[in-house]
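*Asks:* Below: one structure in structure tokens.
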Amino acid sequence: METDVLMIRRIGADDVEAFRRIRLEALREEPSAYASSYEDSVALTDEDWRNRMREPVFLAFRADEPVGLAGLVRQGASKMVHRASIVMVYVRKSQRGTGVADGLVDAVIEEARAMGIVQLELAVTAENLSAVRFYLRKGFAEIGRVPGALMHEGRELDDSLMALRIG
Ligand SMILES: CC(C)(COP(=O)(O)OP(=O)(O)OC[C@H]1O[C@@H](n2cnc3c(N)ncnc32)[C@H](O)[C@@H]1OP(=O)(O)O)[C@@H](O)C(=O)NCCC(=O)NCCS
């Protein structure tokens, strides 16, 4: 599968099914990595998924099969529109270490720059060291922590907050 050409693009209305498939896979396979739960998301309607795509969502495809995902969520208040968060980052296990995550985050950064955003932020479960190391390699710096950010399976998980200046 790794020999298939990697294609990363911003998705639109025709891609709802691929978006739903890879997002639900992420929530099912890596439940401690996200604030949303599989159980809540599996109940969403097509319209909910389409609404979610009003802000940029990027999918990575190999041979038309979605294998990775990343999204961008911009702040709404007028004094904060120079800031946005990278969300939903996920790469299918069999595809890790092949540059998919690199390509997805680069695509989000490019889109954010084009939108005039100067600061990208994200929250990552502090004990998710392979993700933290990945973001550090992409130039993000740790800027703080949220203790007990997520309650997962009866255990409080801290979030590490990270930021990257792109202006
Ligand atoms: C975070 C993530 C997107 C990074 O993607 P990636 O392709 O693994 O990124 P990299 O190639 O830079 O590798 C990241 C780490 O995984 C390791 N790795 C490489 N190939 C791998 C493979 N086939 N399987 C598992 N891990 C692998 C790398 O060695 C690296 O670990 P290190 O920093 O300890 O050396 C991916 O690991 C993932 O989807 N994780 C689950 C969801 C998640 O945590 N999302 C982040 C939410 S904030």
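*Asks:* Among VAL105, VAL87, which is the only one that is touching a helix residue (DSSP H, G or I) at 6+ places or on another chain (Cβ under 9 Å) and β-branched (Val, Ile, Thr)? Give the steps one after another, and end with the answer.
*Replies:* Details: VAL87 fails: touching a helix residue (DSSP H, G or I) at 6+ places or on another chain (Cβ under 9 Å).
Just a single option satisfies the conditions, and that option is VAL105.
*Asks:* Just to verify a result, which residue in the stretch 83-102, among those that are in a strand (DSSP E or B) and more than 18 Å from ARG28 (Cβ to Cβ), is farthest from the ligand (Cβ to nearest atom)? Even if it seems obvious, please write down each step before you answer.
*Replies:* First, pick out the residues of the stretch 83-102 that are in a strand (DSSP E or B): 83-91.
Now restrict to residues that are more than 18 Å from ARG28 (Cβ to Cβ): 83-86.
Numbers: ARG83: 17, ALA84: 15, SER85: 10, ILE86: 8 Å.
Result: ARG83.
*Asks:* Here's a check for you: in the stretch 1-43, which residue that is touching a residue at least 24 places away in the same chain (Cβ under 8 Å) and of a type in the set (Ser, Thr, Tyr) is surrounded by the most Cβ atoms within 10 Å (Cβ to Cβ)? Lay out the reasoning, then the answer.
*Replies:* Within the stretch 1-43, the subset touching a residue at least 24 places away in the same chain (Cβ under 8 Å) is 1-2, 4-13, 15-16, 18-23, 25-26, 29-35.
Subsequent filtering for residues that are of a type in the set (Ser, Thr, Tyr) retains 32, 34.
Working: SER32: 12, TYR34: 20.
Of everything passing the filter in the stretch 1-43, TYR34 is surrounded by the most Cβ atoms within 10 Å (Cβ to Cβ).
*Asks:* Still on this structure: Read through the list (1) more than 16 Å from the ligand (Cβ to nearest atom); (2) loosely packed, with under 14 Cβ neighbours inside 10 Å, then give the number of the only condition that ARG133 fails.
*Replies:* Condition not satisfied by ARG133: (1).
*Asks:* GLU110 - would you say it is under 23 Å from ILE143 (Cβ atoms) and not hydrophobic (A, V, I, L, M, F, W, C)? Explain how you work it out, then say what you get.
*Replies:* Working: under 23 Å from ILE143 (Cβ atoms): yes; not hydrophobic (A, V, I, L, M, F, W, C): yes.
Yes; evaluated as a whole, the condition is true for this residue.
*Asks:* Applying the selection to the stretch 34-54, what residues are closer than 21 Å to ILE109 by Cα and part of a helix (DSSP H, G or I)? Before you say what the answer is, go through the steps one by one.
*Replies:* First, the residues of the stretch 34-54 that are closer than 21 Å to ILE109 by Cα: 34, 52-54.
The one that is closer than 21 Å to ILE109 by Cα and part of a helix (DSSP H, G or I): ARG52.
Computed from the coordinates by the stated procedures, all read-outs in this text should not be read as laboratory data. Just so it is clear, the structure is predicted and the values come from calculations on it, not from any experiment. For neighbour counting, all protein chains shown are included, and Cβ atoms are generated from backbone atoms with ideal geometry for every residue, glycine included.
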